[in-house]
């Protein structure tokens, strides 16, 4: 429909046709008649077949370092699962700090935080690694879906799910959509958000929320069981089964710590985050932590590379052809009577609560982030401030519904929380997280000199 509509004056036909393909791709991401990687691949083919883009332009998104960064992070994640280092870290923290239900949740969130920089998927972290641990712990305390759900299981499941969502905003590589937002910011405002700057800017507001939200849940919907000595015993037994650290675990630990150090110090060393990630995966190959067949068989990494590279190509050329600036200009005229703080607040509110319409966080980011961000900057908002406000908003909205992110159906499907309670708690925590992010975040960003 968009393709055949009359296009505005001053907009080239190719730009309008690219918009039609882009919108169709986003609708495909939302409805998913095919996987999103397939939708992105078809979209790229459409741009070339219709002459909207040249073949070299169509493939340019795959040269984007951000797409490769997130793909290599998936390979890092695979190594944590293969070697067992991720589980060992979790069980060690449970052994040391798992004496009470609240401490047990914090211990799991700390272990989640340790692996988050190299696991760009909420589903892989909280759904794949921590959900089975929580489910088995709940069962050991006789907490099952139904009358016994609130003994311990309900609290741990909700706390882990919402805590992991918060953690997804701490590192650029903690969630697949984060580098996408950084790339959109770079294209729209010509500013760079490095891995280290992201961590620095997010650290205080995200960690504040990570401290407050579990405790709030503990008081708002308290578990019946407050002490958890069995959790420590379970962790000790599991560590005994695992035995001493293997050579592969030791090698991975050294590679992991080195990569974290280089990512965090990139502004001084000048090493690009993607360079560090590719070098780390190379080190895994040289030390036999991973073998090449495991890398080629990691379909999630290559799937992300396809859809993210394709999406960056479409979004980049929409901006290059002048369509995104034109949309921002029109929106600026429409909202021109508002000063930028009010406009930023309105746009942030819209960005958060339109997530009720999305079953994919990536689709939401792809559909709205670039346009909303461009509008706020055009209205006078400081570029770094507007970027991190929307990034924090993106973090807060992940718990709104039982379909909001990939891990949500896993936790909701366990049966410990009704849909009404899930939505009610999700809305309450989204509001509370935004209050924390705004109050702490604005002060922190000011201290850092980002506006």
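Nothing in this text is a laboratory measurement; each read-out follows from the coordinates by a stated rule. Just so you know, these numbers come straight off a predicted model, no measurement behind them. A quick note on method: Cβ atoms are made from the backbone with ideal geometry, for glycine too, and the neighbour counts reach across all protein chains shown.
How far apart, in nanometres, would the label points at residue 150 and residue 3 be if each is projected 7 angstrom from Cα along the Cα-to-Cβ direction? Label at residue 150, label at residue 3, 5.5 nm between them. Here the residues 251, 313, ranked from fewest to most Cβ neighbours within 10 Å of their Cβ, fall in the order 251, 313.
Grouping the Cα pair distances of segment 78-163 into 5 Å bins from zero gives a pair-distance distribution of 3, 15, 27, 26, 16, 9, 3, 0 percent in increasing distance order. Compared with the dominant Cα axis of the chain, that is its longest principal axis, helix 340-353 is turned about 60°. Against the chain, whose longest principal axis is taken from its Cα atoms, helix 85-97 shows a tilt of about 50°.
Hey, with R₀ at 30 Å, roughly what FRET efficiency would residue 334 and residue 448 work out to, going by the Cβ-Cβ distance, to 0.05? If you can, show how the numbers build up before the last one.
Values: r = 32 Å, r/R0 = 1.07.
Plugging the Cβ-Cβ distance into 1/(1 + (r/R0)^6) gives 0.40.
A prolate overall shape is assigned to segment 12-124, the ratio a/c of its alpha-carbon gyration tensor axes (a ≥ b ≥ c) being 1.5 or greater and a/b exceeding b/c.
Hey, what number do you get for the chain at 222 nm if only DSSP H runs of n ≥ 4 count, each worth -39500 (n - 2.57), divided across all residues, to the nearest 500?
-22000 deg cm²/dmol
The C-alpha atoms of the chain define a longest principal axis, and helix 153-167 lies at about 40 degrees to it.
The eigenvalues of the Cα gyration tensor, multiplied by 5 and square-rooted, give segment 39-194 an equivalent ellipsoid with semi-axes of 39, 16, 14 Å from largest to smallest.
Averaging the Cα positions of each part gives two centres, and for segment 276-345 and segment 201-273 these lie 26 Å apart.
A viscosity of 1.567 mPa s and a temperature of 4 °C, combined with the Kirkwood radius over C-alpha pairs in the Stokes-Einstein formula, give segment 313-380 a diffusion coefficient of 103 µm²/s.
Across segment 1-50, Cα pairs under 8 Å and at least six residues apart give a relative contact order of 30 percent. Just so you know, the Rg over Rh for segment 296-451 is 1.01, from Cα atoms, with Rh as the Kirkwood radius.
Separation of segment 171-186 and segment 411-451, taken as the distance between their Cα centroids, equals 19 angstrom.
In whole percents, the pair-distance distribution calculated for segment 346-422 from its alpha-carbon pairs, binned every 5 Å from zero, is 3, 15, 25, 20, 14, 10, 6, 4, 2, 0.
Taking the convex hull of the alpha carbon atoms in segment 13-447, what volume per residue do you get, in Å³? Let's see the in-between values first.
Values: hull volume 60.6 nm³, N = 435.
Expressed per residue, the convex hull around the Cα atoms of segment 13-447 is 139 Å³.
All C-alpha to C-alpha distances of segment 378-451, sorted into 10 Å bins beginning at zero, yield P(r) values of 19, 38, 25, 15, 3 percent in whole numbers. Residues 411, 384, 220, ranked from the fewest to the most other C-beta atoms within 10 Å, line up as 220, 384, 411.
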